[in-house]
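A.B. asks: Sharing a structure, written as structure tokens. Questions coming.
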Amino acid sequence: MVNEACDIVIVGGGLNGAALACALRHGPHSVVLLEPKPPGAPEENWDPRVYAYSPGNVNWIKSLGGWGETLRAQAVYRMRIHGDAGGGLDFDSLDAGLPELAWIAENGRLQSALWNTFADSPNPRIVTTPAEAITWGSGGRHTLRLADGSTLTTRLLVAADGANSWVRQQAGIGFLLEDYHHVGVVANFATEKPHRGAAWQWFRADGVLAYLPLPGKRISMVWSTPPEHAAELRALAPDELARRVAEAGRHALGELACITPAAGFPLKRRLADEWVRPGLVLLGDTAHTVHPLAGQGVNLGFRDSRLLAEVLKSGGDPGEIGRLTAYAARRREDVVSMQFVTGGLRKLFGHETLCAPSSGKAPEPPDKAPTLRYPEGDKSFLGRPDERLESLIRNMRNLGMNFTDHFPPLTQALMHHAVL
Ligand SMILES: Cc1cc2nc3c(=O)[nH]c(=O)nc-3n(C[C@H](O)[C@H](O)[C@H](O)COP(=O)(O)OP(=O)(O)OC[C@H]3O[C@@H](n4cnc5c(N)ncnc54)[C@H](O)[C@@H]3O)c2cc1C
């Protein structure tokens, strides 16, 4: 049985844990990265998990040497966002004064590239044996007991083990949970027409559909949609799915052909009650998750890792609560404002949320839905209340989009957050 002590243990080597390990590898602390499922060599098949990364984060990862040649990355130069009544918003990298608005790359290849940066380095040390228990030390020195009976004592435990974090559970830290009642259906397609570095997003009655450009004539699709519709899409034969997605995207890129089967991810907002304790930090999806409509989940996590690495580089006790508290306070505004913006957009565009009955009973069929009674006469020609509310909201959001599109300072303010 081995009893080891180190400065920092990162539990979870997904994008966020791996990026932090990469940023800390030349720093003053000894680091252990505990990940039972290290990434394999990059595969030829396209990964269905394709994300948008902000220019600020890409520059940071490049500076760490993690934006490797094995990545199949595509720059986004233009974003076209459509409302459901013809309204639209156009973002251009020239408007933003940037070479590109974002980069698109596969999760698996980026994770492998980050792991490659420390493949031959003694720091971090990689441990693949799962942890079974944690003893919380009163002075902030915590001990992990691994499945082989060995122990790891650390001055800072970083929980980067994802949205359903085991470490968060062991610490007894609760979290706010909001079910968006949407599933993110993802799949990749070959396209008939070139995308020319444009990303599209359609706010539709059945959710939000996004096309993210991939290298060559390919795109990655994310369709955030109610569970029943998601199940229907996932059950379709590849040709039929491609036809439905091309039609929903108004044939912006002509006909589509599936290159990966559809997968689905239930979408939930989470916000952990505590992000730091003496000798403990919650990072990335372990601390917070957001709706993917703004493509910000991992971007927020990378900004956590960026700041934490910055805070720790001066050495000293990494688990000291004063600087961990200062770190969490600085990260909170970014995360909470992004949750507010994506939640607000989702509510504005989520018909079923605004029009569903609050009793939890199934909605009445359209022809049985109640009409409002007006004392001065019958105004049922105005439509049912839910129809009028829906139409009002539709007009407001399309008006909002057009207003934003014709008001460059507001567009630039929106873009500013997305490029950090
Ligand atoms: C449909 C969809 C689209 C998205 N699009 C975008 C986008 O365009 N842009 C964006 O920024 N974000 C996007 N996101 C969000 C993004 O996927 C997540 O924020 C990101 O993957 C979280 O990374 P993570 O490293 O925190 O967690 P994870 O990727 O979940 O990694 C956790 C790691 O911890 C390991 N682990 C788990 N349990 C243990 C344990 N007990 N011990 C040790 N290790 C453990 C796992 O093996 C894994 O490697 C999207 C999400 C969805 C669902």
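A.B. asks: Out of the residues in the range 111-132 meeting the condition of being in contact with a helix residue (DSSP H, G or I) (Cβ under 8 Å, 6 or more places away or on another chain) and not in a loop (DSSP other than H, G, I, E, B), tell me which one is farthest from Pro213 (Cα to Cα).
C.D. replies: Ala131
A.B. asks: Considering the range 300-322 alone, what residues qualify as being at pLDDT below 95 and either in contact with a Ser or Thr (Cβ under 6 Å, 6 or more places away or on another chain) or among the charged types (D, E, K, R) (or both)?
C.D. replies: Answer for the range 300-322, where residues must be at pLDDT below 95 and either in contact with a Ser or Thr (Cβ under 6 Å, 6 or more places away or on another chain) or among the charged types (D, E, K, R) (or both): just Lys313.
A.B. asks: Taking the conditions exactly as written (buried (at least 23 other Cβ atoms within 10 Å of the Cβ), among the aliphatic types (A, V, I, L, M) and within 15 Å of the ligand (Cβ to nearest atom)), does Leu209 satisfy them or not?
C.D. replies: The answer is no for Leu209.
A.B. asks: Out of all the residues in the range 304-350, which are surrounded by 19 or more Cβ atoms within 10 Å (Cβ to Cβ), β-branched (Val, Ile, Thr) and farther than 20 Å from Trp60 by Cα?
C.D. replies: Thr342
A.B. asks: Give me the residue from the range 1-60 that is within 13 Å of the ligand (Cβ to nearest atom) and acidic (Asp, Glu) and, out of that set, farthest from Trp166 (Cα to Cα).
C.D. replies: Here the answer is Asp47.
A.B. asks: Among (1) within 16 Å of the ligand (Cβ to nearest atom); (2) of a type outside the set (S, T, N, Q); (3) not assigned by TED's automatic domain parsing to the domain that holds Ala287, where does Leu152 come up short?
C.D. replies: (3)
Table: residues versus (1) on the phi > 0 side of the Ramachandran plot; (2) of a type in the set (Lys, Arg); (3) part of a strand (DSSP E or B).
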site	(1), (2), (3)
Ile134	no, no, yes
Arg145	no, yes, yes
Asp148	no, no, no
Leu152	no, no, yes
Leu157	no, no, yes
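A.B. asks: List the pairs whose first member sits in the range 279-304 and is without any contact (Cβ under 8 Å) to a residue 40 or more places away in the chain, whose second member is more than 7 Å from the ligand (Cβ to nearest atom) and not hydrophobic (A, V, I, L, M, F, W, C), and whose Cβ atoms are under 7 Å apart, counting only residues at least 6 apart or on separate chains?
C.D. replies: Leu300/His288; Leu300/Asp334
Listed here are the residues, each with its yes/no results for (1) small (Gly, Ala, Ser); (2) at pLDDT below 95; (3) surrounded by fewer than 24 Cβ atoms within 10 Å (Cβ to Cβ).
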{"residue": "Glu4", "(1), (2), (3)": "no, yes, yes"}
{"residue": "Val11", "(1), (2), (3)": "no, no, no"}
{"residue": "Leu15", "(1), (2), (3)": "no, no, no"}
{"residue": "Ala18", "(1), (2), (3)": "yes, no, no"}
{"residue": "Cys22", "(1), (2), (3)": "no, no, no"}
{"residue": "Pro48", "(1), (2), (3)": "no, yes, yes"}
{"residue": "Ser63", "(1), (2), (3)": "yes, no, yes"}
{"residue": "Ala85", "(1), (2), (3)": "yes, yes, yes"}
{"residue": "Leu89", "(1), (2), (3)": "no, yes, yes"}
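A.B. asks: Answer with yes or no whether Leu253 is at pLDDT 95 or above, out of contact with any helix residue (DSSP H, G or I) (no Cβ under 7 Å at 6 or more places or on another chain) and closer than 19 Å to Arg204 by Cα. Before the answer, list the steps.
C.D. replies: On the way: at pLDDT 95 or above: yes; out of contact with any helix residue (DSSP H, G or I) (no Cβ under 7 Å at 6 or more places or on another chain): yes; closer than 19 Å to Arg204 by Cα: yes.
Here the answer is yes, as Leu253 does meet what is asked.
A.B. asks: Let me ask something additional. Being part of a loop (DSSP other than H, G, I, E, B) and acidic (Asp, Glu) is the filter; apply it to the range 57-110 and report the residue that is nearest to the chain's Cα centre (by Cα).
C.D. replies: The residue in question is Glu100.
A.B. asks: What are the residues in the range 160-182 that are within 30 Å of Leu146 (Cβ to Cβ), within 20 Å of the chain's Cα centre (by Cα) and either of a type in the set (S, T, N, Q) or not in a loop (DSSP other than H, G, I, E, B) (or both), if any?
C.D. replies: Asn164, Ser165, Trp166, Arg168, Phe175, Leu177
A.B. asks: A follow-up question, please. Out of everything in the range 237-272 that is among the charged types (D, E, K, R) and within 16 Å of the ligand (Cβ to nearest atom), what residue ends up being surrounded by the fewest Cβ atoms within 10 Å (Cβ to Cβ)?
C.D. replies: Kept after step one, since they are among the charged types (D, E, K, R), are these residues of the range 237-272: 239-240, 243-244, 247, 250, 255, 268-270.
So of that shortlist, the ones also within 16 Å of the ligand (Cβ to nearest atom) come out as 268-270.
Working: Lys268: 15, Arg269: 18, Arg270: 19.
Checking each candidate, the answer is Lys268.
A.B. asks: Where the second residue is modelled with pLDDT of 95 or more and in a helix (DSSP H, G or I) and the first is in the same structural domain as His29 (by TED's automatic domain parsing) and lies in the range 313-326, which pairs have Cβ atoms under 6 Å and are six or more apart or on separate chains?
C.D. replies: Close Cβ pairs satisfying both conditions: Pro318/Leu312; Arg323/Val311.
A.B. asks: Moving on. Return the residue satisfying two criteria in turn: it lies in the range 291-318 and is closer than 19 Å to Leu15 by Cα and of a type in the set (S, T, N, Q), and of such residues it is farthest from the ligand (Cβ to nearest atom).
C.D. replies: Per the stated criteria, the residue is Ser305.
The values are calculated or read from the model by the stated rules, or taken from the named source; none is laboratory data. This is a predicted model, so every value here is computed, not measured. When we count neighbours, we look across all protein chains shown, and the Cβ atoms used for this are built from the backbone with ideal geometry, even at glycine.
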